[in-house]
Structure formats: C-alpha cells, structure tokens
Amino acid sequence: MTILRPEQSSLQEVLDRILDKGVVIDAEVRIGLGCVDLLGIRATIILSSFKTAIQIGLAFPEGTNTNTPAWQDLLSKQPCPVCGMESRTKDLRQQGCPWCGWNYRPKAS
C-alpha cells in the first residue's frame with residue numbers, strides 16, 4: 001500500500017507563493033437585534049506583492065511615484081527559465097542567472 005503525502009513546505013515558500021499569486025479575502029459582518037441591523041461591515045482585503053498588484057491592475061494611493069529607480073527595477077525583472085528566480089532582463093541576457101548559473105546564448109546567425 002502506498003501513501004501519498006504532499007511535500008512539506010516552509011513558511012517562506014508558502015508566503016512566496018501567496019504573494020506571487022495574490023489572495024483576496026471578501027468579508028461581510030452584520031450585527032443585528034431582531035430585524036434591525038445595528039452594525040454592518042464589508043471589507044475586501046487583498047494580499048499580494050507590488051508586482052502582482054501592478055499586473056492585476058490594482059490602484060495605488062494617490063501620489064505614489066512609480067517612476068522611482070526601485071519601481072523601474074521591479075518592473076524590469078523576469079524569471080530565469082531554469083530556476084525561476086527573478087533578475088533584470090538585461091543582466092540575464094548579458095551575464096546569465098546569478099542564482100543557478102544559466103547563461104543566455106543566442107544562436108549564431
């Protein structure tokens with residue numbers, strides 16, 4: 001008999017996955033007495049990384065400057081095709097992946 005169990009994941013792996021995909025919690029709470037609502041709360045909570053928030057089109061607070069070097073660096077990263085770790089596109093093509101050593105070599109024309 002074979003028992004299959006899911007792989008153990010560390011807290012960091014779980015948080016990385018949640019922030020990468022994003023999580024939406026939609027909650028509604030009502031407190032009432034009889035047929036009269038005394039308190040009503042509706043909340044939508046979105047937990048994601050900044051990059052995921054940009055990709056799904058969330059609005060940032062007014063006055064957020066997305067032209068800073070840190071924002072531009074965030075937007076210019078892409079995952080390595082081998083290990084999936086993110087690096088700047090320019091660095092991946094020129095130097096290869098600093099995480100796994102993969103090297104981009106275009107075919108000679």
Springs between alpha-carbon atoms under 10 Å, Gaussian network over the chain: tell me which of Pro61, Pro69, Pro98 tops the mean-square fluctuations. Pro61
Extension gain Ser10-Lys51, at 0.36 nm per residue separation less the Cα-Cα distance, in nm? 12.5 nm
Helix 11-21 sits at what angle to the longest principal axis of the chain, using alpha carbons and giving 0 to 90 degrees rounded to 10? 90 degrees
For the chain, with only Lys/Arg (+1) and Asp/Glu (-1) charged at the beta-carbon, what is the dipole magnitude about the Cα centre, in debye rounded to 20? 560 debye
Linear extension gain, Arg42 paired with Val24, 0.36 nm per residue minus alpha-carbon span: 5.1 nm
Which net charge results for the neighbourhood of Pro98, defined as the other residues with beta-carbon distances under 14 angstrom from its beta-carbon, given Lys and Arg at +1 and Asp and Glu at -1? +2
Per DSSP helix of 4 or more residues, -39500 (n - 2.57); summed, then divided by the residues of the chain. What does that give at 222 nm, rounded to the nearest 500? -8000 deg cm²/dmol
Out of Glu13, Glu28, Glu86, any idea which swings most in a Gaussian network model of the chain, alpha carbons joined below 10 Å? Glu28
Apply the a/c threshold of 1.5 to the C-alpha gyration tensor of region 35-88 and tell me whether it is rounded, prolate or oblate. oblate
What percentages make up the Cα-Cα pair-distance distribution of region 68-109 when the bins are 10 Å wide from 0? 31, 46, 20, 2
Looking at the chain, which Cys residues are left with no other cysteine's beta carbon under 4.7 Å from theirs? Cys35
Taking K and R as +1 and D and E as -1, what net charge do the other residues with C-beta under 13 Å from the C-beta of Thr89 add up to? +1
Unit-weight point scatterers at every alpha-carbon of the chain, Debye formula, q = 0.11 1/Å: log10 I(q)/I(0) is -0.63
With unit charges on the beta carbons (Lys and Arg positive, Asp and Glu negative) and the dipole taken about the Cα centre of region 7-109, which residue among Ala43, Thr68, Ala27 sits farthest to the positive side? Thr68
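Here, each number is a calculation from the coordinates, and none is a lab measurement. Just so you know, these numbers come straight off a predicted model, no measurement behind them. A quick note on method: Cβ atoms are made from the backbone with ideal geometry, for glycine too, and the neighbour counts reach across all protein chains shown.
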